[in-house]
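K.L.:
Here it is, the structure, as C-alpha cells.
The values are calculated or read from the model by the stated rules, or taken from the named source; none is laboratory data. Worth saying up front: this structure is predicted, and the values here are computed from it rather than measured. Glycine also receives a Cβ, built like all others from the backbone with ideal geometry; neighbour counts cover every protein chain displayed.
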Amino acid sequence: MDRLPEEVVLHILAFLQVPDIVHLQAVSRRYLTLGRDNTLWKTECFEDSRAESLRRRNFLLGMQDARIAELRNAVTALPGPDLTAWDVSQIRGSPQPRTSDDPEAEARIQRARALANWEPGYPDERLDYYDEYVHRHAPVNVAWLDLPKAQASDKEEYRETTGCATLNDGDGHVNHIVAPLDDGSICIWDVSDRSTATAGGRGRLTAQSRSGLLTGLPSDAIAESHILMTETGAVECVSIDSTSRRGYFAVQRSLHEVDVNTLQLVSTKNYPWPITALSEAQGTTPLTVGTNWTVHLHDPRDPAFTGSEPSTTGELIGGSTYSHATLAQPGPLSILHDPGHTQDPASIWVAGRFTSLLHYDRRFFPRLLGTIHSGARIASLSSLPYPLVPQSLDLIRNPETSISALAAARSTPGTTILAAAEYKGKGSLELYGLPRVQPYQNRQTASASKLLAVAPHGGRIVFSDGDGNLKWVERDGYSHVRTFNINDTLPGGEQATPDASAYGIWSSTASEMPGQGDIVQKITPMHSVVSSSSSSSSTASSVGEERQDISQSNLLLWTGDGRLGVLGFGPGNPLGEDQWREEVAIGVGAENTEERAKGDAERQYGMAMRRALERNADEVRFVRGLGMMG
C-alpha cells in the first residue's frame, strides 16, 4: 500500500465506510493526511445532505410506473410539515426537462447540479470538510465554565454572568472569554485551542476583579449590585478591543472602560438613557452605543471622555462624537459594523424592537443613510463575508438555471447580513445581501418561537430560539442540518433526566409547560468565518511539528440563566479531556474524592426522596379526582 500513488489510495478510500476512514488515520502520518482529504470529505458531506436526498427522490420518482401517479397525488394531498411548493410538484410527478436520453448520463448531470447547488464554500473560501462532517454528524457536547461561588453562603449557589465577549489573538482565534458577573465583578477564562503539543486553556478561570467594580458599590453590597447589573437585561452589553486590550461594559446608563490586563477601571461615560446595545470594538473605529432612544459614537481617544489633553497624533474617525441619532421607536438590541472588506466599510446597521434595519454612515453620522423594512423585531445581527445567492438560482428547484450563472453569483463580491427575529410570534431567520439589497426571510420552517441569536458557523448558519433549541441550516437559510436543545445538558455535562423535578408538586407551572427551560441568548463562534485573503496565515501552524487539534470551531454560549458554555462536537469534553479540571475561582476549592462521593450520595438520596414524594402527590390527586377527598 505504501507504494501506491496517493490518487489510487484516495480512490480506494472512497469505497470505505466513514468509521473505517477515521480508523485508518491512526495508521501513519501519510494515512492521516490522506484520510482527511478535503475532496473525500466534501463528497461524504454531500451524500448526507438534503440536496442529494432531493435529487435521489426525484430520480426515483422519474423511474416509477406512471400508474401509481394517482396514489402519489393522494399522498401529496395529506398535510405535511416540511413540504414546499416545489416538493409538492415533484411528488406529483410534474414533468422536468431532461438534458440527456441516457439514464446514467442524466443521473451524472443531475448529481453534478445538486453538488454545485449544495456546496457551501465560495470560490475564495477555504472550508475544512472533515470538520464540516464532524459538525454535521458527531455528538454535540457542552462544557460549562466554572463560575465563582457566591461568598458568605454555605449553599451551592454561584454567581451568574450578565454578558460576555471574547478576547482574540492575531489570527482571530478566541483565547479568552471576558464576562461581568451579577456582583459587579469581571472574570476572565482561558479557552485557548489545544494542539498535539499543548493542552490548551481548558476553560480555567484565570482572573477576577473585586466585586462592585462596575457598579461603584462596596464589595459587600452584593444585592444592590445584582439589581444594577440585571435590571436593563441588555444582551450586547460587553465589547472587547483585542488590539488595545480594553473592555467596554454597559451598566444602566454608564459605559465603563476597563483595562483587561489589570482589570482596573479606566474611565466612565454616562448617557441620557439606559444602554441597550454595543457594537464590536475594532481598533481605531469608534464604538457605537445604542440607548433606548438614541445612537451615539464613542471614541476613547476623545479628550472630553478621557480627561486628557487633545491629541495631535491623529484625528477622530467619522462625524462628531458629541452628536447623536434620535430613534423614532425605542429599543435597539443589536448593532453591526460593516466587516470592512466590502465597498462601504463605514456602515453601521442598527436593529431591535422596531421593524426596520437602520443604516448609518460613520462619515455622515447622525444622518440616516437608509432603511431596510423587515416587518419583524430583530434580536441579533451577524454577518457572513460572502454574497447572498438568490433563490432564483437554485439549480434543483429551477432546472432551467445554469451552473455558470450560479458560479458567477458566488464570485460576485458582497456581504450577507444575518438576522434572528420574531414575526407574529414565530421565529424568522432573515438574510440580506449587500451592497444590492437582496432579502430572504424564512418565516415558515425556522422556529415556532422567536429567534434570539444567529451566527455563521463553518459552512452553516446556527441560530437559537425561545424553546432552548440550537438549529443549524445550510447557507441558503432553509435546508435543515441538525438541531440540539440546550436543556439536554446540565452544568458539568450531565444529561438531564426525567426526574429532575419536571413533574409533581415540586415543579412550577412554567417547568410543566413544553419547551420551557434555559435559552441561549448569545452565540459567539470561537473561530470567525473570514475570507481566505485575510486568513492566509491561519493554516501555517498546522504544517510544523505542533498541529492544532481537530474540531476546534466551537461555539461560546451565554444562556438566560447566566451560564457560560462552550459547545463542541465529538465524544470528548470541548475544553479538554481532563475530567478533574482545576478550580481556580476565588473561594472555591477542589473537592477531594471523599467529598465528591459524599455529595453524589446526597444527590442520589435527594432524588429518591423527591420521586417518592412526587408519587405520593400523584396518588393524592388521583384519589381527589375520584371524589373520595374533600
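K.L.:
Hey, any hits in segment 420-433 for a residue that's within 28 Å of Pro525 (Cβ to Cβ), assigned by TED's automatic domain parsing to the domain that holds Val473, exposed (fewer than 15 other Cβ atoms within 10 Å of the Cβ) and of a type outside the set (Ser, Thr, Tyr)?
P.N.:
no
K.L.:
Step by step: first the residues of segment 148-182, then only those that are at pLDDT 90 or above and not in a strand (DSSP E or B), then the one that is nearest to Leu228 (Cα to Cα). Which residue is that?
P.N.:
Asp182
K.L.:
Condition test on Val27, is it β-branched (Val, Ile, Thr), modelled with pLDDT of 85 or more and either surrounded by 14 or more Cβ atoms within 10 Å (Cβ to Cβ) or assigned to a loop (DSSP other than H, G, I, E, B) (or both)?
P.N.:
When the stated conditions are applied, Val27 passes them.
K.L.:
Restricted to segment 268-287, and to residues that are assigned to a strand (DSSP E or B) and modelled with pLDDT of 90 or more, which residue is surrounded by the fewest Cβ atoms within 10 Å (Cβ to Cβ)?
P.N.:
Of everything passing the filter in segment 268-287, Asn270 is surrounded by the fewest Cβ atoms within 10 Å (Cβ to Cβ).
K.L.:
Consider Arg202 against the criteria (1) assigned to a loop (DSSP other than H, G, I, E, B); (2) without any contact (Cβ under 8 Å) to a residue 24 or more places away in the chain; (3) more than 21 Å from Ser267 (Cα to Cα): it satisfies all of them except one. Which criterion is unmet?
P.N.:
So the condition that Arg202 fails would be (2).
K.L.:
For segment 376-418: of the residues being among the small types (Gly, Ala, Ser), in a loop (DSSP other than H, G, I, E, B) and in contact with a Ser or Thr (Cβ under 8 Å, 6 or more places away or on another chain), which is surrounded by the most Cβ atoms within 10 Å (Cβ to Cβ)?
P.N.:
Ala376
K.L.:
Residue pairs, Cβ under 6 Å, 6 or more apart or interchain, first in segment 436-450 and farther than 14 Å from His480 by Cβ and in contact (Cβ under 8 Å) with a residue 12 or more places away in the chain, second part of a loop (DSSP other than H, G, I, E, B) and among the small types (Gly, Ala, Ser). List them.
P.N.:
Tyr440/Gly477; Ser449/Gly466; Lys450/Gly466
K.L.:
Separate question: State the number of residues belonging to segment 320-340 that are buried (at least 16 other Cβ atoms within 10 Å of the Cβ), in contact with a Pro (Cβ under 7 Å, 6 or more places away or on another chain) and at pLDDT below 90.
P.N.:
Counting residues in segment 320-340 that are buried (at least 16 other Cβ atoms within 10 Å of the Cβ), in contact with a Pro (Cβ under 7 Å, 6 or more places away or on another chain) and at pLDDT below 90 gives 4.
K.L.:
What is the number of the single condition among (1) out of contact with any Gly (no Cβ under 6 Å at 6 or more places or on another chain); (2) at negative phi that Arg245 does not meet?
P.N.:
Only one criterion in (1) out of contact with any Gly (no Cβ under 6 Å at 6 or more places or on another chain); (2) at negative phi is unmet by Arg245, namely (2).
K.L.:
Please indicate, with yes or no, whether at least one residue in segment 215-224 is surrounded by fewer than 20 Cβ atoms within 10 Å (Cβ to Cβ), in contact with a strand residue (DSSP E or B) (Cβ under 6 Å, 6 or more places away or on another chain), among the aliphatic types (A, V, I, L, M) and more than 30 Å from Ala26 (Cβ to Cβ).
P.N.:
no
K.L.:
Something else: Test Thr371 against the stated conditions and say whether it is surrounded by fewer than 17 Cβ atoms within 10 Å (Cβ to Cβ), in a strand (DSSP E or B) and not charged (D, E, K, R).
P.N.:
Yes: the conditions hold for Thr371.
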